[in-house]
Amino acid sequence: VADASSPDATAERARDEGARVVTAPKGRGAQLHAGACAARGDVMLFLHADTSLDDRARDAIERALAAPDVVGGNFFLRFVPDVGWARVFTWANDARRRLLRVYYGDSAPFVRSEVYRRLGGFRALPLMEDYDFLRRLERAGRTVYVRDVEVRASARRFVARPLRTLAAWTAIQALYTLGAHPARLARLYPDLR
């Protein structure tokens, strides 16, 4: 577990459950990279704190990586609670992944460790660290979209203002693609904690 001295006792609770805790600077990119640098396995799975993993995920990853040309992949993402706008966001996320091969860190990406290291891993960006890395992963080789096993992520970010959140996400993605620096874009994406 990579923790940035969070005030909610994340590190203590993780240690109590037997996890090895790595302290990292604040920022998801830095935290993800710190955790990856401490990892020892042949495969890395990146799971956000508000996302839960299906019990069948390990088998699905092993099946996906049985093909030597597969460098990594991700899972079908369902936003919960599975009602109203959460269903719309779930549908849109699935369509974006299938049609455009665009996905983010909340879909529990996995990657071969040697590929992660070769690509330089997650960069310490204040925003878009997952998109940045996953674009590089997509260019590095074949990825697998595991649709028969899902991960569930909290819809808390958009439940109160879904249209505003969708507009912000769309603007951030477009501006990043056009070359805007993630530090400037982070102002459009407030920290809800």
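Need the failing condition index for VAL21 against (1) in contact with a strand residue (DSSP E or B) (Cβ under 9 Å, 6 or more places away or on another chain); (2) closer than 27 Å to ALA155 by Cβ, just the number.
Status for VAL21: all satisfied but (2).
Of all residues in the stretch 84-108, count the ones that are out of contact with any helix residue (DSSP H, G or I) (no Cβ under 6 Å at 6 or more places or on another chain) and buried (at least 19 other Cβ atoms within 10 Å of the Cβ).
8
Taking the stretch 23-38, which residues are crowded, with 17+ Cβ neighbours inside 10 Å and among the hydrophobic types (A, V, I, L, M, F, W, C)?
ALA24, ALA30, LEU32, ALA34, ALA36
Go through the stretch 92-142 and give me each residue that's in a helix (DSSP H, G or I), in contact with a strand residue (DSSP E or B) (Cβ under 9 Å, 6 or more places away or on another chain) and of a type in the set (Gly, Ala, Ser).
Hits for the stretch 92-142 are GLY105, SER107, SER113, ALA140.
Hey, could you check the stretch 42-51 for residues that are assigned to a loop (DSSP other than H, G, I, E, B) and open to solvent by 40 Å² or more (accessible area, probe 1.4 Å) and say which is nearest to TYR104 (Cα to Cα)?
Here the answer is LEU47.
So if I check each of ARG157, ARG193, ARG184, ARG139, which one is out of contact with any Cys (no Cβ under 7 Å at 6 or more places or on another chain), modelled with pLDDT under 90 and exposed (fewer than 12 other Cβ atoms within 10 Å of the Cβ)?
Of the residues listed, the single one that is out of contact with any Cys (no Cβ under 7 Å at 6 or more places or on another chain), modelled with pLDDT under 90 and exposed (fewer than 12 other Cβ atoms within 10 Å of the Cβ) is ARG193.
Would it be correct to say that ARG164 is more than 19 Å from ALA64 (Cβ to Cβ) and either exposed (fewer than 15 other Cβ atoms within 10 Å of the Cβ) or touching a residue at least 60 places away in the same chain (Cβ under 8 Å) (or both)?
So ARG164 passes the test.
When the stretch 73-83 is examined, which residues are found to be surrounded by fewer than 21 Cβ atoms within 10 Å (Cβ to Cβ) and either free of Cβ contacts under 8 Å to residues at least 12 places away in the same chain or closer than 14 Å to GLU138 by Cα (or both)?
ASP82, VAL83
Condition check ((1) aromatic (Phe, Trp, Tyr); (2) farther than 20 Å from LEU188 by Cα) across all residues:
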residue	(1), (2)
ARG97	no, yes
TYR104	yes, no
TYR116	yes, yes
LEU125	no, no
LEU134	no, yes
GLU138	no, yes
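The values are calculated or read from the model by the stated rules, or taken from the named source; none is laboratory data. Small disclaimer: the values here were computed from a predicted structure and weren't measured. Using ideal geometry, Cβ is built from the backbone for each residue, glycine included, and neighbour counts are taken over all protein chains shown. Accessible surface is based on the protein model in full, side chains and every heavy atom, while ligands, DNA and RNA are left aside. Shrake-Rupley method; radii C 1.70, N 1.55, O 1.52, S 1.80 Å.
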